[in-house]
Structure formats: structure tokens, C-alpha cells
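Below: one structure, written as C-alpha cells.
The values are calculated or read from the model by the stated rules, or taken from the named source; none is laboratory data. Bear in mind the structure is a predicted one, so any value in this text is a computation, not a measurement. Cβ: placed from backbone, ideal geometry, glycine included. Neighbour counts: every protein chain shown. Surface accessibility is based on the protein's heavy atoms, side chains included, excluding ligands, DNA and RNA. Shrake-Rupley method; radii C 1.70, N 1.55, O 1.52, S 1.80 Å.
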Amino acid sequence: MDDYITGEIGKRRIPGVALNVIRNGAAIKTSAYGYSNLELSAPVRPDTVFEIGSISKQFTAAGILLLAQEGRLSVDDRITDHLKGAPPAWTNITLRHLLTHTSGLKNYTLLDGFELRRHLTQELFIRAIAAQPVDFPAGSAWKYSNTGFNLLGFIIENVSGTNYWDFMKSRIFGPLGMDATTDRRPRRIIPNRASGYEQTNGVLINRDYDLTDIFSAGAIVSTVLDMAKWNAALDADTLLSARTKELMWTPALLNDGKPVKYGFGWFLDSVEGHRNIGHSGATSGFSASIQRFPDDKLAVILLTNTDEQIATALAKKVATFYFTARAAGK
């Protein structure tokens with residue numbers, strides 16, 4: 001496995017990788033490779049902080065589900081019940097549609113005007129999205145959209161009466177001891193934060209800092225150690241109940257009854273015949289992945305500081321080493 005990871009680092013010019021493999025609830029391999037900062041020759045460590053991109057969506061989904069467990073909302077509520085200024089065209093869109101990428105709302109990260117330096121308020125964000133035509137009627141198709149998860153972040157704020165980041169800290173990060181997990185804001189001093197890198201014509205450069213404001217769709221930073229704590233919480237029923245997790249990991253159904261390979265903030269698939277629940281994350285200069293294999297009691301968490309969206313391919317390949325070992329009785 002080390003030969004595989006180091007080989008991929010060399011072949012793909014990946015600056016650094018952090019890896020955590022968990023089996024039967026215990027970390028059986030926690031490794032760090034390469035550099036968190038090339039200019040300082042600072043090595044990656046297990047406590048290096050990486051952007052995790054769209055892995056953030058599962059935390060936002062968990063926030064919504066915590067509120068649902070408390071009876072403060074339902075995933076089948078119309079989003080217009082919880083968002084001020086939502087246009088009439090959104091009347092038939094529910095929280096479930098947002099959670100499963102079936103809302104039809106246009107993906108704002110493909111549009112101009114949503115840069116981090118602008119930091120749109122909830123009112124301005126809704127107004128900007130409302131000006132865009134929907135891609136399809138709610139529930140009729142599946143199309144990945146960061147817009148829905150930003151709106152879910154606003155719904156968490158409106159229903160809980162607190163800031164999204166404060167809610168995440170008090171309800172998820174804090175109770176789980178995820179002390180390094182927070183908001184990626186560039187101005188923040190975050191100990192052990194990795195630098196992100198992009199490639200131009202095969203040459204590594206510092207990432208572009210004219211970032212999109214991805215808020216509750218993808219702005220979390222974390223470590224492989226903290227993500228292991230999150231994985232442990234998913235194995236238990238103390239944060240989210242067994243019924244809630246079943247709901248979260250059930251494939252969404254379109255209006256015509258066709259299932260899609262996505263639950264609430266999680267992709268649902270298989271790898272070499274092994275049931276797989278996971279998600280990737282990609283931001284400027286970073287690629288991340290968490291892949292769970294519940295029937296094997298195996299999880300692979302892999303974080304990198306490259307713009308190539310490679311983390312999930314690496315994580316799934318790592319999992320196959322364990323499938324092979326298990327088949328051999330090791």
C-alpha cells in the first residue's frame with residue numbers, strides 16, 4: 001500500500017497525502033506522505049488540516065437530521081416554509097430534494113457573482129439564485145448542485161436560531177472531539193493547515209485564492225484523525241439514531257420511482273462487489289475522500305493538497321488491498 005501511494009504521488013505530482021484506515025472500529029493504518037507546504041518543506045502529519053470540500057455536505061445533512069430528530073423540521077417540509085424570500089417557483093421543492101440533488105436548482109458554483117470576497121447574505125444569495133431558471137421540475141431528475149446544500153445551511157440557521165458554524169461546533173464537532181475541524185476562511189489562523197496546490201502544464205503552483213464561497217456545501221477543513229472520530233460516530237447511534245442513518249443512506253427515488261445512487265449527502269455504490277457509502281470533496285488545491293464499507297466494517301479516509309480530483313480513486317484502491325487480505329484470511 002505504501003508503494004502504491006508513494007508511486008501515485010510521484011506519477012501525479014501530488015504534494016502530500018494523509019491516510020487513515022479503520023477496521024472494526026480501530027485505526028489499523030494512519031500514515032502521512034509528502035508535504036503540506038512545499039515552500040517550507042513542511043511534511044504532512046496525521047494532524048495536518050486539509051480542506052475536505054463536498055464531504056462537508058454529510059455534516060450539513062447531519063445538521064438537518066438532528067433538527068428532524070428533535071421534531072423541529074421534517075425532510076419533507078417545503079423549503080419555502082423555512083426560507084424568507086423564496087420565489088413561488090420553489091414552492092414544490094422540499095428539503096429532501098435539496099439533500100438528494102433532485103431540486104432542479106441551478107448549481108451556483110458554475111455562475112459568476114458568488115466569490116468568497118462578496119460573501120453574500122442569505123437574502124442576497126436567495127435573490128441571486130431565484131433569478132436563475134430551474135434546470136428541471138423538482139424530483140424529476142438528478143443533477144449535482146451545491147446550491148441545495150447552501151440553502152440547507154441557511155435552513156439550519158433559521159430553524160436553530162444560531163450561526164451555521166456555531167451549530168456545527170456545538171452539535172457535532174465539539175461533542176465528537178473534532179477540535180481541528182472548522183471553517184476554511186483564509187483569514188483564520190488554523191494550526192497545521194496545509195497549503196493547496198494546482199498544476200499548470202505539469203508544474204505545481206500555489207492555488208488560486210479568488211475562491212468561491214461554498215459555505216455549507218463545502219467549506220469545512222479537517223484532519224484524518226478528526227474524520228476518524230466522525231466515522232466512529234456514524235458507527236454508533238449516539239449522534240444520529242439508527243433510523244435516521246437508514247434514512248440518510250437510502251437511495252433517493254425520482255418522481256417516476258427510479259432510484260439514484262445518492263442518499264442525504266452520501267453516494268451509495270459498490271466497489272468490487274462490496275457495499276460502499278462515501279463521498280469525495282474537491283476545492284481549489286485540495287482533493288479529499290471518505291469511503292465506508294459497512295459490511296466489511298472498513299473505512300478509508302484520504303486527504304490531499306492537489307487540485308486533481310484523485311482522492312476517491314486512491315481511497316477505493318486502498319480498500320481493495322484489505323478486500324484481498326480478508327479473502328486470503330489475513
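Inspect the stretch 167-185 for any residue being modelled with pLDDT under 95, out of contact with any His (no Cβ under 7 Å at 6 or more places or on another chain) and within 18 Å of ASN305 (Cβ to Cβ) and give the result as yes or no. First the steps, then the outcome.
So the first thing to find is which residues in the stretch 167-185 are modelled with pLDDT under 95, and the list is 184-185.
Subsequent filtering for residues that are out of contact with any His (no Cβ under 7 Å at 6 or more places or on another chain) retains 184-185.
In the following step, the residues that additionally are within 18 Å of ASN305 (Cβ to Cβ) were identified as 184-185.
Within the stretch 167-185, one or more residues are modelled with pLDDT under 95, out of contact with any His (no Cβ under 7 Å at 6 or more places or on another chain) and within 18 Å of ASN305 (Cβ to Cβ).
Hey, any hits in the stretch 71-87 for a residue that's in contact with a strand residue (DSSP E or B) (Cβ under 9 Å, 6 or more places away or on another chain), surrounded by fewer than 22 Cβ atoms within 10 Å (Cβ to Cβ), of a type in the set (Val, Ile, Thr) and not in a loop (DSSP other than H, G, I, E, B)? The answer is no; no qualifying residue exists.
So is SER36 assigned to a loop (DSSP other than H, G, I, E, B), touching a residue at least 12 places away in the same chain (Cβ under 8 Å), polar (S, T, N, Q) and open to solvent by less than 20 Å² (accessible area, probe 1.4 Å) or not?
Values: assigned to a loop (DSSP other than H, G, I, E, B): no; touching a residue at least 12 places away in the same chain (Cβ under 8 Å): yes; polar (S, T, N, Q): yes; open to solvent by less than 20 Å² (accessible area, probe 1.4 Å): yes.
For SER36, the condition - assigned to a loop (DSSP other than H, G, I, E, B), touching a residue at least 12 places away in the same chain (Cβ under 8 Å), polar (S, T, N, Q) and open to solvent by less than 20 Å² (accessible area, probe 1.4 Å) - is not met.
In the stretch 261-283, the residue that is least open to solvent (accessible area, probe 1.4 Å) out of those that are more than 18 Å from the chain's Cα centre (by Cα) and of a type outside the set (Lys, Arg) is VAL271. Among the residues of the stretch 217-241, those that are over 18 Å from LYS169 (Cβ atoms), open to solvent by 10 Å² or more (accessible area, probe 1.4 Å) and not hydrophobic (A, V, I, L, M, F, W, C) comprise ASP235, ASP237, SER241. Out of HIS97, HIS101, one residue alone is touching a residue at least 12 places away in the same chain (Cβ under 8 Å), in a loop (DSSP other than H, G, I, E, B) and open to solvent by less than 70 Å² (accessible area, probe 1.4 Å). It is HIS101. The number of residues in the stretch 295-330 that are of a type outside the set (A, V, I, L, M, F, W, C), in a helix (DSSP H, G or I), surrounded by fewer than 20 Cβ atoms within 10 Å (Cβ to Cβ) and at pLDDT 95 or above comes to 4. Yes or no: the stretch 309-316 includes at least one residue that is of a type in the set (A, V, I, L, M, F, W, C) and within 18 Å of ARG23 (Cα to Cα). Checked the stretch 309-316: at least one residue is of a type in the set (A, V, I, L, M, F, W, C) and within 18 Å of ARG23 (Cα to Cα). Could you go through the stretch 8-26 and let me know if any residue there is assigned to a helix (DSSP H, G or I), in contact with a helix residue (DSSP H, G or I) (Cβ under 7 Å, 6 or more places away or on another chain) and closer than 16 Å to SER289 by Cβ. Yes: one or more hits.
Taking residues in the stretch 120-147 that are open to solvent by less than 30 Å² (accessible area, probe 1.4 Å), and partners anywhere that are in a helix (DSSP H, G or I) and polar (S, T, N, Q), the pairs with Cβ atoms closer than 9 Å and at least 6 places apart or on different chains are PHE125/THR147; PHE125/ASN150; ILE129/THR147; ILE129/ASN150; SER145/THR109; ASN146/SER54; ASN146/THR109; THR147/THR109. Of the residues making up the stretch 236-250, one or more are in contact (Cβ under 8 Å) with a residue 60 or more places away in the chain, in a loop (DSSP other than H, G, I, E, B) and under 23 Å from ILE52 (Cα atoms).
Of all residue pairs spaced 6 or more apart or on separate chains, those with beta-carbon atoms under 9 Å, a first member in the stretch 202-216 that is over 26 Å from THR121 (Cβ atoms) and a second member that is of a type outside the set (Ser, Thr, Tyr) and surrounded by fewer than 13 Cβ atoms within 10 Å (Cβ to Cβ) are ASN206/GLU39. Per the conditions (1) within 27 Å of PRO133 (Cα to Cα); (2) modelled with pLDDT of 95 or more, the sole criterion not satisfied by GLY85 is (2).
Just one of ASP166, ASP213 is acidic (Asp, Glu), more than 30 Å from LYS11 (Cβ to Cβ) and open to solvent by 30 Å² or more (accessible area, probe 1.4 Å); which is it?
Result: ASP166 is the single residue among ASP166, ASP213 that is acidic (Asp, Glu), more than 30 Å from LYS11 (Cβ to Cβ) and open to solvent by 30 Å² or more (accessible area, probe 1.4 Å).
Could you tell me whether any residue of the stretch 228-244 is at pLDDT 95 or above, closer than 22 Å to ASP2 by Cβ and not polar (S, T, N, Q)? Yes: the stretch 228-244 contains one or more residues that are at pLDDT 95 or above, closer than 22 Å to ASP2 by Cβ and not polar (S, T, N, Q).
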